[in-house]
1. Within segment 116-144, count every residue that is touching a helix residue (DSSP H, G or I) at 6+ places or on another chain (Cβ under 8 Å) and not in a helix (DSSP H, G or I).
2. Being in the same structural domain as residue 329 (by TED's automatic domain parsing), at pLDDT 50 or above, assigned to a helix (DSSP H, G or I) and within 21 Å of residue 94 (Cα to Cα): is that true of residue 434 here?
3. Using the structure shown, decide if residue 355 is at pLDDT 90 or above and part of a strand (DSSP E or B).
4. Would you confirm whether any residue within segment 307-326 is within 24 Å of the chain's Cα centre (by Cα), at pLDDT below 85 and within 22 Å of residue 434 (Cβ to Cβ)?
5. Take the residues in segment 218-232 that are within 33 Å of the chain's Cα centre (by Cα) and outside any strand (DSSP E or B), then tell me which one is farthest from residue 189 (Cα to Cα).
6. Taking segment 233-277 as the region of interest, how many residues are assigned to a loop (DSSP other than H, G, I, E, B) and surrounded by 15 or more Cβ atoms within 10 Å (Cβ to Cβ)?
7. What number of residues in segment 167-198 are under 19 Å from residue 128 (Cα atoms) and part of a helix (DSSP H, G or I)?
8. Just to be sure, is residue 106 over 13 Å from residue 75 (Cα atoms) and either outside any helix (DSSP H, G or I) or not assigned by TED's automatic domain parsing to the domain that holds residue 74 (or both)?
């Protein structure tokens, strides 16, 4: 901090308070008052690391290890540090609200949306996506946030991007900044500079020196090229001062064999969905009178199928973004679908890194797809059934099919790995009702067939 003053930087008084407290011993986090769920030991270590760093740290755990939970646990540990601002990809806004309500005691979460900052900001925890941050940054600065959490902080890797400039303006003078990313460096060391310089300004105060030392700097005749890497071991040691990173294989013994997560998805066709929910026959009459006449004989079933298809239609863009973010930060992924149109949408987006198995794929082609997914590092996505982390994009009616699919991912008797199962559920739609039915049936089957007792009545409330 003294160095920054020497260089002529204006120092916010809150940052000076942070500097004084920085070397104080961290309190025990064995028990966080008000935290509604237990943390795994490695997650407690993550919270302790952030605390030791006086609230300025990068949690770089692999996807599925609970970076969100660790950040929320730290917020719960410090209820006086509000407002807290959480900047996330758009596909994760609803998930942060759900996670906050799942982990914290009575969090007042506000989600901001739209590029017109024309509504009051009143939340203790404010969630906004990177895409609209430039429009809101002035209003958010007026709130004087105490904490900024940047989920998928590698989103600000581009120094000239509007979102990066807006984020830098936002965090200026904020005493506590926590970055989360399973891939803080996606391709090359230059991408990490923004995050590192924001979290700990004194670690790498000069981009030029950082680039010359760690980015394989070379002059190509037209200008400087910083797309390389150099002195990587030294960079890793310096990163350890601000970054804690655990891979799944490092903490495998602490993880359950199978972790199931519900990820709420917003709809981009809300008006159409709720119109069908309110007046299905009227909606169908307007688009296809013949179908409407036939549907009247079995209105309930026809309406359910229409709502299911509208739910997938409304969430597909955000789900594709979620899948893209997952592939950017982790290994391979399986997506389960039931409609060919959904499969086609995914293959259109990810065809260069994906294979599929559906009714249109023959036996030989199925085997080839399986082999490609298992053996080729460039094939990252499998639309079908395979051994990896999995996403359910569409739902069946019973728990059996889901459990069977989950167990195909986590092979029975396999103890060398733990898997994550994600259900991307359209918020406020029939999908939530179907998921509730599946949960109830699963609970009964577990108790009757296997004698299992569970404290959690529903995945949706888990």
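1. Residues in segment 116-144 being touching a helix residue (DSSP H, G or I) at 6+ places or on another chain (Cβ under 8 Å) and not in a helix (DSSP H, G or I): 8 in total.
2. Numbers: in the same structural domain as residue 329 (by TED's automatic domain parsing): yes; at pLDDT 50 or above: yes; assigned to a helix (DSSP H, G or I): yes; within 21 Å of residue 94 (Cα to Cα): yes.
It is true that residue 434 is in the same structural domain as residue 329 (by TED's automatic domain parsing), at pLDDT 50 or above, assigned to a helix (DSSP H, G or I) and within 21 Å of residue 94 (Cα to Cα).
3. Numbers: at pLDDT 90 or above: yes; part of a strand (DSSP E or B): yes.
Answer is yes for this residue.
4. The answer is no, given that none of the residues of segment 307-326 is within 24 Å of the chain's Cα centre (by Cα), at pLDDT below 85 and within 22 Å of residue 434 (Cβ to Cβ).
5. In the first step, residues of segment 218-232 are kept if they are within 33 Å of the chain's Cα centre (by Cα); the result is 225-232.
After this cut, where a residue has to be outside any strand (DSSP E or B) as well, the list is 226-232.
Values: 226: 9, 227: 8, 228: 8, 229: 6, 230: 9, 231: 10, 232: 8 Å.
Restricting to residues being within 33 Å of the chain's Cα centre (by Cα) and outside any strand (DSSP E or B), the top hit is 231.
6. Number satisfying all stated conditions: 8.
7. Selection size over segment 167-198: 7.
8. Working: over 13 Å from residue 75 (Cα atoms): no; either outside any helix (DSSP H, G or I) or not assigned by TED's automatic domain parsing to the domain that holds residue 74 (or both): yes.
No.
The values are calculated or read from the model by the stated rules, or taken from the named source; none is laboratory data. Please read all numbers here as calculations on a predicted model, not as lab measurements. Note that we place each Cβ from the backbone using ideal geometry, even for glycine, and neighbour counts take in every protein chain shown.
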